[in-house]
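What follows is a set of notes on a single structure, which appears directly below.
The values are calculated or read from the model by the stated rules, or taken from the named source; none is laboratory data. Remember, predicted model here, so these are calculated numbers, not experimental data. Glycine gets a Cβ as well: all are built from the backbone with ideal geometry, and neighbour counts include every protein chain shown. These area figures cover heavy atoms from the full protein model, side chains too; ligands, DNA and RNA do not enter into them. Shrake-Rupley method; radii C 1.70, N 1.55, O 1.52, S 1.80 Å.
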Amino acid sequence: MVLKELVSVVNGKVLCGESHINESIEYAFASDLMSDVLTLRITNFLLITGLANVQSVRTAEMSDLKYLLFARGKKVTDDMIELAQENDMVIITTPYSLFKTSGLLYSAGIQPVY
Amino acid sequence: MVLEYKVEGGDFTQAGNVSSSVKKVLKQLGINPVVIKRVVVALYEAEVNIVAHAYRGVVTATLDDEGIRIVLDDEGPGIASIEQAMVKGYSTASKEVREMGFGAGMGLPNIKDNADEFTITSKVGVGTRLDIYIHYV
Ligand SMILES: Nc1ncnc2c1ncn2[C@@H]1O[C@H](COP(=O)(O)OP(=O)(O)OP(=O)(O)O)[C@@H](O)[C@H]1O
Ligand SMILES: [Mg+2]
């Protein structure tokens, strides 16, 4: 699914990385546990998380993961955006819960990593 | 090439700085991205462990033609049972650490999975030392 479409499915907002809006995403993983995310060997997936702090962006950086979706309208700080921009990542926020976000994207055809 | 960094315990705003620096170096050297990910994931877990569980530490990364050795030496409470600490899901992380998204008890097992060689030694009341080696190919 093209990122732009994904953003509209979750009624989301792109906070940085707009230039990647026409890239397509196949896989997603939802977790608030960063060590869980760090066990994934694949790259190039969307991380859906309710954990909005610098460490979630750091975890994305170490995981070679470019797309971050913060659920429940979590406040994304300037530090987070700065770090995301340094690493050429896309940050999206959605007002929906982790469960609803995951459900919507799954129904729309995004594949689970597992 | 030998790189040395300091890590402060308890300071989550800085956690990941070392891993990020090492990642940049490996990228510049043109190392295979799959290997880079293994190195930085292992290093990041170990770096966060110092921040989360110890007082301070020193990270030494030694790069040669074949691979990278990373030694993380910390001053801290140490680990009474390494066998127990290596079990997936075992964690003594504080509430603050859990709020940062860590404390699942998956870090040490994941470091081991990513490393070609991994040793951990610890002395209660003194500190912990991790020795990680990863081949470039
Ligand atoms: N450097 C260290 N100093 C002291 N204790 C440590 C250190 N590293 C790990 N430990 C101990 O070993 C336990 C397991 O570590 P591990 O990294 O596997 O999990 P965690 O850090 O608790 O959670 P996670 O890594 O999944 O976020 C820790 O909870 C802690 O009790
Ligand atoms: Mg850990």
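Do we have any residue at all in the range B:43-56 that's on the phi < 0 side of the Ramachandran plot and assigned to a strand (DSSP E or B)?
Residues of the range B:43-56 that are on the phi < 0 side of the Ramachandran plot, as a first pass: B:43-56.
Next, from what is left, pick out any that are assigned to a strand (DSSP E or B): B:56.
Looking through the range B:43-56, at least one residue is on the phi < 0 side of the Ramachandran plot and assigned to a strand (DSSP E or B).
Could you check, for the range B:10-23, whether at least one of its residues is in a loop (DSSP other than H, G, I, E, B), charged (D, E, K, R) and open to solvent by 20 Å² or more (accessible area, probe 1.4 Å)? Within the range B:10-23, one or more residues are in a loop (DSSP other than H, G, I, E, B), charged (D, E, K, R) and open to solvent by 20 Å² or more (accessible area, probe 1.4 Å). With respect to the stated conditions, A:Arg58 fails to be at the interface with chain B (Cβ under 10 Å from one of its Cβ atoms), away from ligand 1 (no atom under 16 Å from the Cβ) and more than 12 Å from the chain's Cα centre (by Cα).
A Cβ distance below 6 Å, combined with a sequence gap of six or more or placement on separate chains, defines the contacts here; from the range B:61-82, residues that are closer than 20 Å to B:Glu117 by Cα reach residues that are part of a loop (DSSP other than H, G, I, E, B) in the pairs B:Leu63/B:Met1; B:Gly67/B:Tyr136; B:Asp74/B:Ala54. Among the conditions (1) surrounded by 14 or more Cβ atoms within 10 Å (Cβ to Cβ); (2) near ligand 1 (Cβ under 10 Å from one of its atoms); (3) in contact (Cβ under 8 Å) with a residue 40 or more places away in the chain, B:Ala115 misses just one, which is (2).
In the range B:33-48, what residues are touching a residue at least 60 places away in the same chain (Cβ under 8 Å) and either of a type in the set (Ser, Thr, Tyr) or crowded, with 24+ Cβ neighbours inside 10 Å (or both)? Reasoning before the result, please.
Of all residues in the range B:33-48, those touching a residue at least 60 places away in the same chain (Cβ under 8 Å) come to B:35, B:38-39, B:41-43, B:45-46.
Result: B:Val39, B:Val41, B:Ala42, B:Leu43, B:Glu45, B:Ala46.
Inspection of the range B:108-121 finds no residue satisfying the criterion of being closer than 15 Å to B:His53 by Cα and among the small types (Gly, Ala, Ser).
Looking across the range A:71-82 at every residue that is within 14 Å of another protein chain (Cβ to nearest Cβ) and either in contact with an Asp or Glu (Cβ under 6 Å, 6 or more places away or on another chain) or assigned to a helix (DSSP H, G or I) (or both), the one that is farthest from B:Glu47 (Cα to Cα) is identified as A:Asp78.
Each row is one residue, and each column tells you yes or no for (1) within 18 Å of B:Ala46 (Cα to Cα); (2) modelled with pLDDT of 95 or more.
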| position | (1), (2) |
| --- | --- |
| A:Gly17 | no, yes |
| A:Ile25 | no, yes |
| A:Met34 | yes, yes |
| A:Leu38 | yes, yes |
| A:Arg41 | yes, no |
| A:Asn44 | no, no |
| A:Ile48 | no, yes |
| A:Ser56 | yes, yes |
| A:Leu69 | no, yes |
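Residues in the range B:43-70 that are among the aliphatic types (A, V, I, L, M) and either within 16 Å of ligand 2 (Cβ to nearest atom) or within 14 Å of chain A (Cβ to nearest Cβ) (or both): B:Leu43, B:Ala46, B:Val48, B:Ile50, B:Val51, B:Ala52, B:Ala54, B:Val59, B:Ile70. For the range A:70-102, taking the residues that are more than 23 Å from B:Ser19 (Cβ to Cβ) and in contact (Cβ under 8 Å) with a residue 60 or more places away in the chain, the one that is nearest to the chain's Cα centre (by Cα) is identified as A:Ile92.
In the range B:90-106, the residue that is nearest to ligand 1 (Cβ to nearest atom) out of those that are more than 10 Å from chain A (Cβ to nearest Cβ) and open to solvent by 50 Å² or more (accessible area, probe 1.4 Å) is B:Thr92.
Among the residues of the range B:69-87, those identified as surrounded by 14 or more Cβ atoms within 10 Å (Cβ to Cβ) and part of a loop (DSSP other than H, G, I, E, B) are B:Gly76, B:Pro77, B:Gly78, B:Ile79, B:Met86. Sub-6 Å Cβ pairs linking a first residue in the range B:88-107 that is in a helix (DSSP H, G or I) to a second residue that is open to solvent by less than 50 Å² (accessible area, probe 1.4 Å) and within 8 Å of ligand 1 (Cβ to nearest atom), at least 6 apart or interchain, are B:Val97/B:Ala52; B:Val97/B:Gly103; B:Gly107/A:Ser35; B:Gly107/B:Glu45; B:Gly107/B:Asn49, ordered by first then second residue.
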